Amino acid sequence: MIKTDVIIIGGGSTGCGIARDLALRDIPHCLIEKGDFAAGATGACHGLLHSGGRYAVNDPEAAAQCISENMILRRIGVKCVEQTGGLFVRLPGDSKKFRDMFLKSCEETGISTEVLSPSRALDLVPNLNPSIEEAITVPDCSIDPFRLCMLNITSSLRWGGEILTHKKVVAVIREHGRCVGVKAQDESTGQTTEVRGRIIINAAGAWGDKIASLAGSSVPMTLSKGSLIITNHRLTNMVINRLRPSSDGDIIVPNEAVCLAGTTSITVSDPDENEVDPAEVDIIATQAQQMLPDFEGTRLIRTYAGVRPLLKADGGDDREISRGFRIIDHENGMLSIMGGKLTTYRLMAEKISDRVVEVLGLKTRCRTAELPLEGQEELSGYPLSRRLKSLKNIVCECELVTADDVERVAREIGTRRIGDIQHRTRLGMGPCQGGFCTYRALGIMQETGEMTPEESMHVLREFLQRRFRGIKPALWGDQLREEQLVESIYLGILGMEQEQ
Amino acid sequence: MSVTYDVVITGGGMSGMMAAITLADAGRSVAVVSKGDPVCCLSTGCIDVIADGNSPLESICSLPDNHPYHLAGIDVINSSLEMFKSVMSAEGGAYAGDARANRRILTPLGRHKTTCLVPGAMEFADFHPDEYIHIISFEGMKDFYPNYITSNYKNSGFSIFDAGVSTTMGIARRFENRQFLEGFISWLKGLDIPEGRIAMPAVLGMRFAEDVCNEISAELDRKVFEIPTLPPSLPGLRLFGGLKNALLKRGGHLYWGKEICSVEKSGSQIEAVTLAGAGRSTRVQGNVFMLATGSFVSGGLHASMDAVRETVFDLPVYLPGKRESWFNNDFFAPGHPIEKSGICVDKSFRPVDSRIENLFVCGSILAFSEVMKYGCGHGMAIATGVAAANVCGELV
Amino acid sequence: MANCPVSRVNPDFPGPKQAGPDAERFRSDDETSIDKWIRLCNQCKRCEVACPYGVNPAQIILKEQVRYGGKHFRPLASRVFANTYWLGALGSLIAPVVNILTPRAFVKRVLNVFGISTSIPFPQYRFHSMNRSWRWKGPRKSRKKVVFFYGCFLNYNRPDLGRDIRDFLASLGVRVIMPKQVCCGLPALGNGDIDTARKFASKNARILAGYIDRGYDVLYSCTSCGLSLTQDYPGILDVPYGRKVSENSYNLHEYILNLMEEHYIDPVLEPFHRRVAYHIPCHLRALGIGYPAARLFEKIPGLDVHILEDNCCGLSGSYGFKTSNEDTAVKLGITAARAVKAVDPDMLASDCGACRMQLEYFSGVPAFDPSEILMKSLKNSKAAK
């Protein structure tokens, strides 16, 4: 049994942000996450640190929050935020009226912009569609959501917070009508751990309503699925947005050595409904091609989808719903926070931590904006070319992850899950999507005793199956060819046919 | 260039090479045009005839009528495999096994994979599960983890040798050195390996490993065999190298490394193919042409978002359905529908639905070959390559 | 990795896939390169020939070698060999002195200090170079006219062979002109000095283009010069007339073969009973023209030819003459020589001067250019029809 003051349910950006915030305020806390960090919308997002430009016209409040947080995160997360800058490109046929509104709204919300002629824009991004009418710069950045969560958690761990992953909250313990704790069940062993605390924060994102119902409450929200596709190389060094009212496939974000293009917005009824429909892939690819013609013929290495927890709307387009966030006090010892964006995670964490502090009768203030994220020393950071010093002992050739990296991470977190290694090293995030390096990484983990051979075989099978599902909607052209090769290696050479 | 070859074969893989050797033996002038090294270089180096059952020649009879094996016929399948064996044997790389019975090799994951003809160095891979096997691995070697194997067999063990280098090719090169081999053997002796067999990843030399295998076997008085590895695959490279040198010896000509950028036709006859060069392109003329460019992996077929193209002569391609139906949901169930895709041919290996008269098709580009599903890759390539060569050789 | 000779013997070089397309994803023009190991690639182009997907790792690596060379200090040996042309000119000028000095032990030690390897003997220089020889040969009004791009090796080290080729072509009824020419530029490019390479290439391209416009074909004997003219002139060097030169350049043996196939010449081939180990230079494979010399050999009665194309000799032009690559070059040389000896040949043939030097040294088998074998057996009858 664990006793603490604050229980945080959910290890996405919000939950991790709250853990860091509370740690910096010296408040004992325990974070419980049913998977690995960033398992929900955080891990399936665009990787975009918004300038707020996208919301300036329709949601100025959200936009203002975005730009303010953008500037803070650029400061405190120097090594995990890549300052790519962004462009909003206007193509022939896009509304000039919208463009005027855009510029005006950005100015009003404090988002710095500069209007570029097509030739200036093409200087910055040479493979832009040459027929663009103009481009407007914004301070968009690229961010790795896994790293972000990891760095926030580092603060908590260094302070002494309790962090439980791969444990699912299955029950809320209530005494005299108040929530006093939770029961969390381990994903693999089935063992239950009891955690007791004075306040429970429900930061479970798309699963927020399910968690709230365990306490007899509800969190009304709209679940909106968004799909994205990953290209095999970095087509652009700047974030490219479409200068028009928000629609599908508007954004291309460079992320490490790949690009993420998206997204869509489809209402779903369950947070686990995250299968990508091939039709969505076609839409995104077509839209992206309009901004970057090179997109055609570029190999897509993966598709994925996340479910956004949006504040409840009353019908109408998902996109119209405010990206703002809301805190609900269920008045039974549980607070829920939902809505919001990755970009404003720190602000969300600050606000709800302020409420917690109030309830606990303390006076400590938030310091998360002042202090740099801890743990950044370990990151190789940017620019990417610095990683080419020596290519010895590489396990993941696509992302330059060495055997030492894998062993170190496996030892540090004592993990048996390949996903944990991937999130911390980027193993398997490159063009082959772990096609070969996973086999190697698992082989290494076996040799170092982290896993038995049977376990690693099982993990390998599961991984390959999951990987295949993520790639299947984009299987044509070079990707299809690559996939057939992977298949022939696993089935033909390694002999991994169906489970015996 | 104004010389006209009797036969020009596009694609230098298993079926293309076997067709070329067949034609060269029949006294025809042959050119093989290939845009790069073929897929067989990545393979286990073994000849899979059909995975089902113990007797390949029998199992083939129960394949669907449209399977390309039926175009070749049992007699040709059998004789072409024997021909393959004698060609490889003359190059110093004898193969064990024959078409009457399947046999098994050991994979790096410790599975027993069914195949038919194996390089000499894998002859003893089909061991009884109770027999003791000792796996030798090499320090730092990336894609080989002996635990995977030893966990599957109660009666097993492994040791790791430091070869001084850790890449597959680097280690294979070291085995060419007499001193290194002797050092390795004396290290092996010092291990006092129990009665049984010794297995190691396929790195016993750049050329065929049978001699090295036999020497180790004689010195240790144990049966020794190689385990095929992930690419770079020495057995695959040895297989391809053997066929290539066999063709060069027979006077075949190779045009390697450049893609075909245009095809010249005159009426219903193909006259020449042109290879894109850095400067001038190279024109290769022939009386008869063979298409042996392979399937998707080698680039003989290319899939766009909603269609499949044959990339050299733009022949009509059979497609089993729309993109949503190309793949099953299960990665491990061999037999994704897209495998059926390919070129449909008549009994003489000529493409149907095409006006062209002097073009023959063989190998995995043939529709319904379903290589992963039936486990018939190289066997079908050899059989259809030889069969098609026989037919077109008569035409010349 | 299966094809790369360097990665096989030098673990510091990660192989073409990692050094080329994989690492390229992490490179950017705005950032300084730090991948020093990129210089270990010997540009044999075997990866380019092998890749069936049209990826050219060698070209990607070459670009990075140039970028790296442009931003970092280049060691003395690299600078020397980038200017093989001037080295050759000097060597030729004082040939007798150079030829006496280079085999001497103390000279070798000095050379070693400056990063120049002496594991194989330095080639001999000749004063009577090609550019000091008669520039015109053959019938004035011939239908077939060529400009002979002889390259630095024939020019300064084997001018006797160069002149024999000139005379031989003339005897076939071809008008041969040896134009003013400088180094093709490949050694400079290979040593990371693209500016020098471009200077040489621009000059050559201008001169050759002038001849091409007057109906001449460009002939090259050295396959590395050939690769430079056809691939680099319009490609990475991008010099004026580059495309014109590229499209009008012929390999010597390809040209002779064409003459025979068009029946411009109908030579009588005398039997020549020898066993020949024909080592295919890596750059000949990269040209994608097949093996024309092998096709000429087929026409010689009694010649027992064994084609060896599985190994890189390791010298790779100036690459193996640098101490930093000495170990690699020696290991590869020994392996390639072993393949030659396994044939038990009377002689070995190779189109590339570097291959000949390296293999003759490591195998002990005398090395010839294929045209020398051809000339020994070929007796011309009638000239043009």
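The values are calculated or read from the model by the stated rules, or taken from the named source; none is laboratory data. Quick caveat, the model's predicted, so the values are computed rather than measured. FYI the Cβ positions are ideal-geometry reconstructions off the backbone, even for glycines, and counts take in every protein chain you see. Protein only, heavy atoms only, side chains kept; ligands, DNA and RNA dropped before computing areas. Shrake-Rupley method; radii C 1.70, N 1.55, O 1.52, S 1.80 Å.
Only Cα pairs under 8 Å and 6+ residues apart enter the sum, and on that basis the relative contact order of the range C:266-380 stands at 34 percent. Per residue, the solvent-accessible area of chain A (1.4 Å probe, heavy atoms of protein chains only, all protein chains present) comes to 37 Å². Once the mean of 1/r is taken over each pair of separate Cα atoms and inverted, the range B:108-227 shows a Kirkwood hydrodynamic radius of 14.4 Å. Full extension of the segment from A:Met101 to A:Thr452, taken as 0.36 nm per residue of separation minus the current Cα-Cα distance, would add 120.3 nm. The loop-placed GluC sites (Glu not before Pro) in the range A:84-142, going by DSSP, that have at most 16 neighbouring Cβ atoms within 10 Å of their Cβ come out as A:Glu133.
Only helices enter the 222 nm calculation for the protein assembly as shown: every DSSP H run of n ≥ 4 contributes -39,500 (n - 2.57), and dividing by all residues gives -10500 deg cm²/dmol, rounded to 500. At a cut-off of 30 Å², which residues of the range C:241-260 become less accessible once all protein chains are present than in their chain alone, using a 1.4 Å probe? When all protein chains are present, C:Glu247 each give up 30 Å² or more of accessible surface. Taking both sides together, the accessible area buried where C meets B is about 3000 Å² for a 1.4 Å probe. Per residue of B:277-287, other chain Cβ atoms within 10 Å of the residue Cβ number 6 on average. Pairs exceeding a 30 Å alpha-carbon distance, out of B:Lys35/C:Lys144; B:Lys258/B:Lys322; C:Lys36/C:Lys108: B:Lys35/C:Lys144; B:Lys258/B:Lys322. Could you compute the net charge surrounding B:His67? Neighbours are other residues with a C-beta less than 13 Å from the C-beta of B:His67; K and R count +1, D and E count -1. Taking every Cβ under 13 Å from that of B:His67, the sum is -2. In terms of packing, defined here as the mean over residues of other Cβ atoms within 10 angstrom, the peptides C:343-355, B:216-228, B:308-320 line up highest first as C:343-355, B:216-228, B:308-320. Karplus-derived 3J(HN,Hα) values for the range A:216-233, using 6.51 cos²θ - 1.76 cosθ + 1.60 with θ = phi - 60°, are x, 10, 8, 10, x, 8, 9, 9, 10, 7, x, 9, 9, 10, 10, 8, 7, 8 Hz; glycine and proline are entered as x.
Of the accessible area of chain A, computed with a 1.4 Å probe over protein heavy atoms only, carbon and sulfur atoms account for 47 percent.
Mean sequence separation of contacting Cα pairs (under 8 Å, at least six apart), scaled by the length of the range B:196-331, corresponds to a relative contact order of 11 percent.
Estimated from the Cβ-Cβ distance and a Förster radius of 45 angstrom, the FRET efficiency linking A:Glu412 and B:Ser262 is about 0.20. Expressed to the nearest 5 percent, the antiparallel share of DSSP beta bridges inside chain C is 20 percent.
Shown is the FRET efficiency for B:Leu191 and C:Lys71, computed with R0 = 56 Å from the Cβ-Cβ distance and rounded to the nearest 0.05: 0.65. Interface residues of the range B:1-33, defined as those with an accessible-area decrease of at least 20 Å² between the chain by itself and the complete set of protein chains (probe 1.4 Å), are B:Met1, B:Ser2, B:Val3. Structural descriptor for chain A: relative contact order 18 percent, calculated from alpha carbon pairs under 8 angstrom and at least 6 residues apart. Interface size, chains C and A: roughly 1700 Å² of accessible area buried, both sides included, 1.4 Å probe, rounded to the nearest 100. Summarising the label geometry, the points placed 7 Å from Cα in the beta-carbon direction at B:Val3 and A:Glu133 lie 6.3 nm from one another. Per the accessible-area calculation with a 1.4 Å probe, the total area buried between chain A and chain B rounds to 4200 Å². Exceedance of the 26 Å cut-off in Cα-Cα distance is limited, within the set A:Lys210/A:Lys312; B:Lys154/B:Lys223; A:Lys392/B:Lys189, to A:Lys392/B:Lys189. For B:Lys347, a cut-off of 13 angstrom between C-alpha atoms picks up these aspartates and glutamates, skipping any fewer than 8 places away in its own chain: B:Asp65.
Between B:Thr115 and B:Arg103, B:Arg104, B:Ile105, the built amide H atoms are under 5 Å apart, and every one of these is 5 or more places off in sequence or on another chain.
Of all DSSP-defined beta bridges confined to the protein assembly as shown, some 55% are antiparallel rather than parallel. Calculate what fraction, in whole %, of the accessible area of chain C sits on carbon and sulfur atoms when a 1.4 Å probe is rolled over the protein chains. For chain C, the apolar C and S fraction of the accessible surface comes to 56 percent.
The order of the peptides A:152-163, A:11-22 by mean Cβ neighbours within 10 Å, most packed first, is A:11-22, A:152-163. Using the Cβ-Cβ distance between A:Val180 and A:Glu61 with R0 set to 35 Å, the FRET efficiency from 1/(1 + (r/R0)^6) comes to roughly 0.50.
Taking every lysine pair in the range C:266-380 that is 8 or more places apart or spans two chains, those with Cα atoms closer than 25 Å amount to 6. Surface composition of the range B:41-144: carbon plus sulfur atoms contribute 48% of the solvent-accessible area (1.4 Å probe, protein chains only, all chains present). Computed from point charges on the beta carbon alone (+1 for Lys and Arg, -1 for Asp and Glu), the dipole magnitude for the range C:266-380 about its Cα centre is near 60 Debye.
Going by the alpha-carbon gyration tensor, a ≥ b ≥ c the square roots of its eigenvalues, is the range C:266-380 rounded (a/c under 1.5) or, if a/c is not under 1.5, prolate (a/b greater than b/c) versus oblate? Here the range C:266-380 falls in the prolate category.
Peptides C:44-56, C:290-302, A:422-434 ordered by packing proxy, namely the average of other Cβ atoms within 10 Å per residue, highest first: A:422-434, C:44-56, C:290-302. Extension gain for the segment A:Leu362 to A:Ser117, taken as residue separation times 0.36 nm less the Cα-Cα distance, is 82.8 nm to one decimal.
In sequence order, the range B:73-88 has phi-based couplings of x, 4, 4, 5, 4, 5, 5, 5, 5, 5, 4, 4, 4, 6, 4, 5 Hz under the Karplus curve 6.51 cos²θ - 1.76 cosθ + 1.60, θ = phi - 60°, and Gly or Pro positions carry x. Antiparallel as a % of all DSSP beta bridges within the range C:266-380, to the nearest 5? Counting only bridges with both partners in the range C:266-380, antiparallel ones make up about 15 percent. By the rule of a C-alpha distance below 19 Å, with chain neighbours fewer than 8 residues away ignored, the lysines paired with A:Lys79 are A:Lys389. Residues whose amide H comes within less than 5 Å of that of A:Met338, counting only those at least five positions distant or on another chain, are A:Arg326, A:Ile328 (H built at 1.01 Å from N in the peptide plane). Here each label is just a point 7 Å from Cα along the line to Cβ, and for C:Glu372 and B:Asn214 those points are 3.8 nm apart.
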